[in-house]
Every structure is written in C-alpha cells, then in structure tokens.
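K.L.:
Before we start, here is the structure in question, set down as structure tokens.
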Amino acid sequence: MNHKSRLAKMLLFAGCLSLSVGAEAAGMDGARGAYLELGATARSRGDAESFTIGVVLPWSHGEQPVQPRALSFYWDFFLSQWRAPDPVGADWSSYTQLGVIANWRYRFDQGASPWFVEAGVGGTVMDSLYRTSGREFSTTFQFTEQIGVGRSFGLQGEHELSLRLQHFSNAGIKEPNPGENFVRLRYLYRF
C-alpha cells in the first residue's frame, strides 16, 4: 500500500471518529499537549512523506484571551523526519528537521464549538539540504506557515484531530527556493 492510500484511509478514519465522539470543546485550548503527525506532499513526481512529534505550550501563563474562549495563542515545538526520493530516484533520503511555530486558533460559536481553525508562522532547520529530482533547497533554514481545521473530542476536549496544510521555503534568502508543501494529519492530546 503506498503512502497516499495510507494517508487517505487515515483521513477517512479520523473524519469518522471526530464526527462520532462528542466534545466539551474549548476548555483545554490553553493546556499543554503532545502530538503525532503524518504528512505527504501532493506532487506528480517525487512525493515526500513526513512523520512529526511535537509539543504545544500556551503562549504565556497569564494569557488573557482577546475574545473570551474563542481566540487563543500557542507555541508548537516539533521534531520531524522527512523521507523523499533522492535526486537520481534510485533510493530514498531522510532529513531531520527541528522547528517552532507561533499559532493562532479560533473556535466557532464564541469558543463553545468543538470545531476550530488555526494558522501559524515559524522557522525550522534541517540536518542537511533537502534534494529530490524535482526540488532542491539552497538553505537548511526554512520559514514555515501553516493553516488547519480540526475538532476536539473527549470528556473535556482533551483529544484533537486536525488536517493541516504546511509550506516550507527560505523566503528568497538564497536561490534556488522551490519550497515544499505538505498535507498533514495530526492527533494531539492535551494534559
């Protein structure tokens, strides 16, 4: 089974699970959490896969929400492993990445909904230059932006599933700068 088929099955399972389980919604948005995330690029040649582990931390301990319970802020620290076809296509190469993202989250229904949208910006560094037959980064440092939609579930909303689109590029610091885009599925547990 190829990685696109696995990702499609995971998305279907996640969607069914998130619709079948109730949530107490936003109560846990300010709590710490840990997550696992799977991702893949969606290109016709040279698809890459990623596996990520990370933690989320509240923006600050004394945070006063801009709009009570609806808008929150958090830090996302992660370690990711990318796997992609090497430039000659004969084998696969692995790349390790460290990153941090500042995120903004909005919950619908004045913060009472289990559904949320979010966006974030940050920076990452990789252990080597990312190179495939279709892409070649010129720097190990990359900026990153992400947008996502998700749903909380569990007795107090401590579980989350989200679908995210994430872009990586060096913002033109050095050429070539083709960037890379991933579709990612995240499971997060807040404690």
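K.L.:
Kindly report, to the nearest 10 Å², the accessible surface of ARG186 as traced by a 1.4 Å probe over protein heavy atoms only.
P.N.:
About 10 Å², rounded to the nearest 10.
K.L.:
Name the residues whose placed amide hydrogens come within less than 5 Å of the amide hydrogen of ASP47, ignoring near sequence neighbours (fewer than 5 apart) on the same chain.
P.N.:
none
K.L.:
Dipole magnitude of region 82-191 about its Cα centre, charges +1 at Lys/Arg Cβ and -1 at Asp/Glu Cβ only, in debye to the nearest 20? Intermediate values should be presented prior to the final figure.
P.N.:
Values: 11 positive and 11 negative charges, 51 e Å.
Dipole size: approximately 240 debye.
K.L.:
Expressed as a whole percentage, what fraction of the accessible surface of region 115-173 belongs to carbon and sulfur atoms when a 1.4 Å probe is rolled over the protein heavy atoms? Numbers along the way, then the final one.
P.N.:
On the way: 1550 of 2390 Å².
That fraction is 65 percent.
The values are calculated or read from the model by the stated rules, or taken from the named source; none is laboratory data. Remember, it's a predicted structure, so these values are computed and weren't measured experimentally. Note that we place each Cβ from the backbone using ideal geometry, even for glycine, and neighbour counts take in every protein chain shown. Side chains included, ligands, DNA and RNA excluded: accessible areas come from the protein's heavy atoms. Shrake-Rupley method; radii C 1.70, N 1.55, O 1.52, S 1.80 Å.
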